[in-house]
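Below: the structure, in structure tokens.
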Amino acid sequence: MFPRGSNLLINGGVFNHIEGNLNTGAQIADKGIELLESKVVPGAFHTSDENYDAPKCHPRTRLAILKEIMDWLNDTDEPHRAMWMRGAAGAGKSAIARTIAQMCDEQGQLSSSFFFSRTASDARRSDETHLVATLAYQMSENIPEIRQYISTAILTNRFIFDLGLDAQIYKLIVTPLAQLSNSSSILILPKIIIIDGLDECHNKDAQNAIVNAFVAALARMNHNFPHKLLIASRPEQNIQSAFGDRDLAPFLRQLPLDSSWDPDDDIRRFLVDNLAKIRDTHPLRNIIPLDWPAPRDIDKLVEKSSGQFIYAATVSKYIKSPRLHPVKSLRTIVELVKDPKNRPYAELDALYTYIFASTEDSDLVLQILRVHLMPAVAPLVDLPMNEIRFIGCLLDLGEGNVELALTDLSSIVEIDSSRIKFLHASLPDFLLDETRAGRFYVNSNSICVHLFRHWLLYIAEYKFDKRPTYYMVPEPHGLGHFGESIREAPSEIHDAFSDFDMKAFLRFTSIFGCRTMASFLKFILREVFLCYFCPALSTSFFMQLLFSTENHPHCKHPISH
């Protein structure tokens, strides 16, 4: 027992000889969780810094809906283990989901949450790849007793994060919960898993898989550790089909955010409180009448909202701008005329249209936002981390001019850590829908051709003294979103190429290698010249011209055939 002891004097007592490391279990748990951490998306947490100003339910609003959800969660006899909260854009789904997450977190009932977002700076928030890992990590934090079981699942399967959704859910969530249930007599409060913005996951097949896998998993869970699932999304057709599966019906409860919840009263309270705050805090508060706003104006705004909180929220942000007079801004909004043919977002579209029309240089604003929306139009494209600097370089704008151009959009767009951030997902929907945006449609031929020319000028005029961090080469798939405009405007593209400096192009490839630029040239030759200007010439002729760049003395990366 004391193999190296000397000069020992021990009187009485009982000694047990134990071999091994007493911290082994804790070390295993820590090691597995460390591997898990690398797959987590912290920005998807409801407490993330990225979501510090994300909307939550305004005080004394949505009380009936919040009560409905909490009563469902706490009813242990409730057979429906999953709830689908659905509603149109701007109905307040994310605000409700975030408020429920906060309430449950404070009461020790939040298991985990994931807030999808296609407008977030972290592209992983629109991807299902890290969903289960992010949920499992939060579960290990919120239910410490389950930590060792999740860790063991990771350590015993080195490829667990490469498995399908079903397998990941079973191994990282269902099985650890079952193990904990069998080994513990702890009574646990009903807990909830929240997945918000499912429609903002860019992979539609994954949307369906998430619904089927999670609902099926919850149906198998032991009632000793009751878990329920709240999914919030728009009622997109494929998601409706997934939730419409007959096999899910016994376990699913649906919560439509429709007029039955009488949202007008909540929207009225929201508007009254926010406009009163603007009256008391705006830089021009000394000249704002004490009886502003008039009840009839509030009534008009409630009517225009059509049950959509996003309209009321956007109006409030617009009116509180320190650059504008709140009284005049409210009067302008109230008197806006909607397009009767443009349903169901006529009022919201009229508001967006007015805001864009009020910008000092709407053409430049649309070009900036079109570059920002490149990943939305072509999901394979990634923008540099310093997006603002890159856009300024691409459009040949001086430092600070991107921010200045977007100043008049502060009610709907903000700059967040050198990136552009839309304040609501309904804005890109508007900008990318020509029937809604009209002259502010960002994917128009003229805008795409203009940006295409800028790509070419960027290459021709590149400064070779150093390679900036915001550098980005136009890959073929990156130019794909200009494809339709290229096909419809060949003469403009021809003009752009007539000014192109081929010597600059070759110099560019000598600095950065030929693989990307050769692929780029292949795309241009195939999509433009072969289709419009010289269809009689064979493809091989142009490919020979292209492949000759491989013999460039500085080319280190020959293209693959």
Seminar exercise, completed: When segment 35-78 is checked residue by residue, the ones that are in contact with a Phe, Trp or Tyr (Cβ under 7 Å, 6 or more places away or on another chain), in a loop (DSSP other than H, G, I, E, B) and under 27 Å from Ala217 (Cβ atoms) are Lys39, Val40, His46, Glu78
Exercise. Do the conditions hold for Ser411, that is, is it small (Gly, Ala, Ser), surrounded by 18 or more Cβ atoms within 10 Å (Cβ to Cβ) and touching a residue at least 40 places away in the same chain (Cβ under 8 Å)?
Worked result: yes
Exercise. So which residues in segment 88-133 are assigned to a loop (DSSP other than H, G, I, E, B), under 18 Å from the mean Cα position of the chain (by Cα) and not aliphatic (A, V, I, L, M), if there are any at all?
Worked result: Gly90, Gly92, Phe116, Ser117, Arg118, Thr119, Ser121, Asp122, Asp127, Glu128, Thr129, His130
Seminar exercise, completed: If you go through Glu414, Glu360, the only one that is modelled with pLDDT of 75 or more and part of a loop (DSSP other than H, G, I, E, B) is Glu360
For this session: Find all pairs meeting these conditions: Cβ atoms under 6 angstrom apart; at least six residues apart or on different chains; first residue within segment 338-355 and within 19 Å of Leu366 (Cβ to Cβ); second residue open to solvent by less than 80 Å² (accessible area, probe 1.4 Å) and at pLDDT below 60.
Result: Asp349/Asn342
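Let's see how each residue does on (1) modelled with pLDDT under 90; (2) open to solvent by 70 Å² or more (accessible area, probe 1.4 Å); (3) part of a helix (DSSP H, G or I); (4) within 17 Å of Ala89 (Cα to Cα):
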residue: Phe225; (1), (2), (3), (4): yes, no, no, no
residue: Ala242; (1), (2), (3), (4): no, no, yes, no
residue: Arg268; (1), (2), (3), (4): no, yes, yes, no
residue: Asp273; (1), (2), (3), (4): no, no, yes, no
For this session: Filter segment 140-163 for residues that are open to solvent by 40 Å² or more (accessible area, probe 1.4 Å), touching a residue at least 24 places away in the same chain (Cβ under 8 Å) and part of a loop (DSSP other than H, G, I, E, B) and give the result.
Result: none
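Okay, residues lined up against (1) crowded, with 21+ Cβ neighbours inside 10 Å; (2) closer than 30 Å to Thr332 by Cβ; (3) in contact (Cβ under 8 Å) with a residue 60 or more places away in the chain; (4) of a type outside the set (Asp, Glu):
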| site | (1), (2), (3), (4) |
| --- | --- |
| Met221 | no, no, yes, yes |
| Arg246 | no, no, no, yes |
| Ala249 | no, no, no, yes |
| Pro256 | no, no, yes, yes |
| Ser260 | no, no, no, yes |
| Asp264 | no, yes, no, no |
| Asn286 | no, yes, no, yes |
| Gln308 | yes, yes, yes, yes |
For this session: Report, ordered by the first and then the second residue, all pairs with beta carbons closer than 7 Å, sequence separation of six or more or different chains, a first member in segment 102-131 that is more than 23 Å from His424 (Cα to Cα) and in contact (Cβ under 8 Å) with a residue 60 or more places away in the chain, and a second member that is part of a loop (DSSP other than H, G, I, E, B) and aromatic (Phe, Trp, Tyr).
Result: none
Problem set entry | Condition broken by Ala313, with the remaining ones in (1) surrounded by fewer than 20 Cβ atoms within 10 Å (Cβ to Cβ); (2) within 20 Å of Phe422 (Cα to Cα) satisfied | (1)
For this session: Taking Leu404 as the residue in question, decide whether it is surrounded by fewer than 20 Cβ atoms within 10 Å (Cβ to Cβ) and assigned to a helix (DSSP H, G or I).
Result: yes
For this session: Could you tell me which of the residues Ala206, Ala216, Ala167, Ala133 is at pLDDT 95 or above and not basic (Lys, Arg)?
Result: Ala133
For this session: Filter segment 327-350 down to the residues that are at pLDDT 80 or above and among the aliphatic types (A, V, I, L, M), then identify the one that is surrounded by the most Cβ atoms within 10 Å (Cβ to Cβ).
Result: Leu348
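The values are calculated or read from the model by the stated rules, or taken from the named source; none is laboratory data. Quick caveat: nothing in here was measured; it's all calculated off a predicted structure. So basically every Cβ, Gly included, is an ideal-geometry build from the backbone, and we count neighbours across all protein chains shown. Heads up: the accessible areas ignore ligands, DNA and RNA and are worked out on the full protein's heavy atoms, side chains in. Shrake-Rupley method; radii C 1.70, N 1.55, O 1.52, S 1.80 Å.
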